[in-house]
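Nothing in this text is a laboratory measurement; each read-out follows from the coordinates by a stated rule. All values derive from a computational prediction rather than experimental measurement. Positions of Cβ are generated from backbone atoms using ideal geometry, with glycine treated the same way; all protein chains shown enter the neighbour counts.
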Amino acid sequence: MSQPLHRTTGWLSAACLTLIALLLVGSAQVPASTVQLPPGSIVPTDAQRATARKVGRILEEQHYSRATLDDKMSEVIYQRYLESLDGQKSYFMQSDIKDFDAYRFLFDDMIRTGEIEPAYVIFARFQQRNRERIQRAIALLDNEPDWTVNETFEFDRTKAPWISEPAAMDELWRKRVKNDALSLMLTGKQWPEVAELLRKRYERVLKRVDQVSPEDVFENLMNAYARAFDPHSSYFSPRSSEEYRIQMSLNYDGIGASLQLVDDYVTIMSVLEGGPAAVAGTLNINDRITGVGQGHDGSFVDVIGWRLDDVVQLIRGKAGTAVRLQVLPAGAAPGTPEKVLEFVRNKVTLEAQAAHKTVKTLARNGRTYKIGVITVPGFYQDVSAENAGDKDARSTTRDVLKLLNELKAENIDGLVIDLRNDGGGYLPEATRLTGLFIDHGPVVQLRDSTGRLEVLDDPENGPAYSGPLAVLVDRLSASASEIFAGAIQDYHRGLILGQTTFGKGTVQSLQPLDRWSSKPVNGQLTVTIGKFYRVTGESTQHRGVQPDVPLASAIDTKEVGESALESALPWDRIAGVPFKAMGGTSAAPPVSLLTTEEDARAQRDPDYHWLVSDIAALDSVREQKSVSLNLKVRREERARVDKERLERENSRREAKNLPPYKSIEELDKAKDTTDVVLDQATQVMADVLTGARPATPQKTARSG
């Protein structure tokens, strides 16, 4: 699992703080070379200065946007850097920000010269504020809070102003500590145990103050630069470069997830196709790990405030062994009931990523229909075997072709390609896979930073399957998945079902920063160098592929997807390329009728009704920005949430003539494997089959 950015803490004396204030006050333009770091603070190395200059040149010269590092971009980078240090505005004071504003327009100059001291001065101030806050948090544990006071804690401060008064900052942290304690009280612990647990948690943070390295600070700073250009450009330190190499070689035993430290929480950034977490389907992007337990019944270790490296080592282990994660769901407020997930560690292998099939049978109008489903976890290719001339080398297209032939032998009536959670992969496989379903023609256009345009054609000779087709996608279907889905939609070859896709229509290149070294001594830079366009000329970037027939999804499009990322490149359009759309038949049901029928079925189907109501409850939780600090109120809220969840589940079971669960504990232990969305997708395909002879559906209108 990769480890992008580190957030760590350190210290700075009051005398040094005064020195910094004197350095920062005055002129809005402070030459970087005149900035002096306080004694004992972290300083950039000569190698990092040289690397910074390389990073700046590559970003300006090779990034697709061709953006210039000027004062306008400097201000963006400055804001990204502050957000990376204190995104919740819980450490820096307004007076600190006023001091830092002297550096607002220096970030463009200092990466060119390598004189990056201003960023290190800002980091030193952050370390000092961090230490002050944590020390105060520890002191607050000497007295048990009054749990009967009716007050609230604002846990989401991303859009709040910087705090201007010390008393207000003290009050924020009093409430933060009280909320941390209350969250533990809700699990049944008593105050002495809670205080001791929090004391150890906060002391871990202080201990890690002295573990911060120049590499940590530099990686964070370079990522502020890279991500000011777009969210998919990033810098990997030498240590993170090695971690990335391990991940890409699949040479480790773990759960197959990419992690990042966000506001003291180890947070899920992505789930690797074919890994234990992806197979289980229970771990989601932006979920936060609060505890790690070894084996089936090992006690949980509280990991809030831990270094990312240490949490990674807890999660990794010998293949075949179990690890349990205590997880706070994405978007949920602190203190929300955590879910416990168990995984069996394993290598993320090509076999685990392979496409696989199943057959669903549905009865309609006195006839049984067979719907084939092919799940594609990723777009993969065994490049080594391919380069060695192995004509049977494993790839997405070869595996899907084999499955197609097996399904055709079973006389399926229709086919669903399931691309949910498929984050993409090897680009040539997207064009080859499309070729299994269309006549020969263009699939996608690729434009690089110079404006050069390349059209990638379907390399297959004729379609391998010409029957009714649907493609199921969700918000996590990205990149190569969007190329395939977009081509199927543009060619009028099949229906797109599900949720608007991620919207990642960009291409990245990995640039080693060591010209003659086989090891990434100075790290690596991933830079966005190109953009994808559909054959119609529309970009998949930012907007994604919009479904013909929408289906429910628990993934929040406001929080997940390209449009939710800062500095994302915009949607645009170029000229289309000639292609021959595949026509439907006059007997095929219009998309509008299919959507109407799906809406009506959603009201009748108990599983689908349960899913929609469950998503509505989750959305309500996500909208929370603050929580009560009254223990009785919070217990009542938790009891109400559990009661409503149990009622939703038992309402579904009653409609299906199943016995009700007697308690929330019984529900939590149950393992319901029903895939409600896939079931609905096969129902839509049955609508197509009963409304027409096997044929392609009509094209739906789509905004452009």
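Where in the range 305-341 does the amide nitrogen come within less than 14 Å of the point 7 Å from the Cα of Val209, taken along Cα to Cβ? Hits in the range 305-341 for Val209 at 14 Å: none.
So if I place +1 on the C-beta of Lys and Arg and -1 on the C-beta of Asp and Glu, and nothing else carries charge, what would the dipole magnitude of the chain be about its Cα centre? I want it in debye, nearest 20.
Approximately 360 debye in magnitude.
Extension gain, Gln94 to Arg57, is 10.0 nm, computed as 0.36 nm per intervening residue step minus the present C-alpha separation. What's the local net charge at Thr673, with K and R +1, D and E -1, over the other residues with C-beta under 13 Å away? Surrounding charge for Thr673 is -3. Candidate cross-link partners of Lys531 among the lysines, defined by an alpha-carbon separation under 19 Å and a same-chain spacing of 8 or more, comprise Lys504. Applying the Karplus relation 6.51 cos²θ - 1.76 cosθ + 1.60 with θ = phi - 60° to the range 214-229 yields 3J(HN,Hα) values of x, 5, 4, 5, 5, 4, 4, 5, 5, 6, 4, 5, 4, 7, 6, 7 Hz, where x marks Gly and Pro. Ignoring lysines fewer than eight residues from Lys370 along the same chain, the ones with Cα atoms less than 16 angstrom from its Cα are Lys357, Lys360, Lys408. The angle between the Cα long axis of helix 676-691 and the longest principal axis of the Cα atoms of the chain comes to about 30 degrees, rounded to the nearest 10.
For the chain, the longest principal axis of the alpha carbon atoms and the long axis of helix 396-409 meet at an angle near 30°. Normalised by the number of residues in the chain, the mean separation of alpha-carbon contacts (under 8 Å, six or more apart) gives a relative contact order of 13 percent. Taking each residue as 0.36 nm, the span from Arg112 to Asn405 lengthens on full extension beyond its C-alpha to C-alpha distance by 99.7 nm. Taking a ≥ b ≥ c as the square roots of the eigenvalues of the Cα gyration tensor, an a/c ratio of 1.5 or more together with a/b no larger than b/c marks the range 420-507 as oblate. Normalised by the number of residues in the range 14-229, the average gap of Cα pairs under 8 Å and 6 or more apart makes the relative contact order 31 percent. Simple spin-label estimate for Glu559 and Ser592 gives 3.6 nm between the two label positions (7 Å along the Cα-to-Cβ direction from each Cα). Stretching Ser651 away from Thr450 to a fully extended chain increases their span by 66.5 nm, per 0.36 nm per residue minus the current alpha-carbon distance. Taking other C-beta atoms within 10 Å as the exposure proxy, Glu115, Glu644 rank Glu644, Glu115 from fewest upward. With the convex hull drawn around the C-alpha atoms of the range 14-229, the volume per residue stands at 140 Å³.
Nearest 0.05, what FRET efficiency do Val621 and Lys391 give at R0 = 56 Å with Cβ-Cβ as r? Plugging the Cβ-Cβ distance into 1/(1 + (r/R0)^6) gives 0.60.
Take the Cα of Val641, step 7 Å toward its Cβ, do the same at Asp382, and the gap between the two points is 4.6 nm. The calculated FRET efficiency for the pair Asp514 and Arg367, based on their C-beta separation and a Förster distance of 51 Å, comes to about 0.20.
3J(HN,Hα) couplings calculated from phi for the range 606-620 with the Karplus curve 6.51 cos²θ - 1.76 cosθ + 1.60 (θ = phi - 60°) are, in sequence order, x, 5, 5, 4, 4, 4, 4, 5, 5, 5, 4, 5, 5, 4, 4 Hz; Gly and Pro show x. Think of it as helices only: each DSSP H run of n ≥ 4 in the chain is worth -39500 (n - 2.57), and spread over all residues that comes to -12500 deg cm²/dmol at 222 nm. Shape class of the range 279-413 from the alpha-carbon gyration tensor: oblate, with a/c at 1.5 or above and b/c at least as large as a/b. Annotation: peptides 373-386, 666-679, ranked by per-residue average of other Cβ atoms within 10 Å with the highest first, follow the order 373-386, 666-679. Can you find, among Tyr533, Asn179, Gly424, the residue farthest towards the positive end of the dipole of the chain? Put +1 on the C-beta of Lys and Arg, -1 on that of Asp and Glu. My answer, from the dipole projection, is Gly424. With respect to the chain, whose longest principal axis is taken over its alpha-carbon atoms, helix 191-207 is tilted by about 80°.
Each residue of the range 73-87 was assigned a 3J(HN,Hα) from its phi angle through the Karplus curve 6.51 cos²θ - 1.76 cosθ + 1.60 (θ = phi - 60°); the sequence is 5, 4, 5, 5, 5, 4, 5, 4, 5, 4, 4, 5, 8, 9, x Hz, with glycine and proline shown as x.
Among 315-324, 392-401, how do they line up by average Cβ neighbours within 10 Å per residue, starting with the highest?
The most tightly packed comes first, giving 392-401, 315-324.
Legend: calculated FRET efficiency, Asp672 to Asp599, from the Cβ-Cβ distance at R0 = 25 Å, rounded to 0.05, equals 0.55. With the charge dipole of the chain set up from +1 on Lys and Arg Cβ and -1 on Asp and Glu Cβ about the Cα centre, the Cα lying farthest toward the positive end among the listed residues Thr501, Ser233, Thr375 is that of Thr375.
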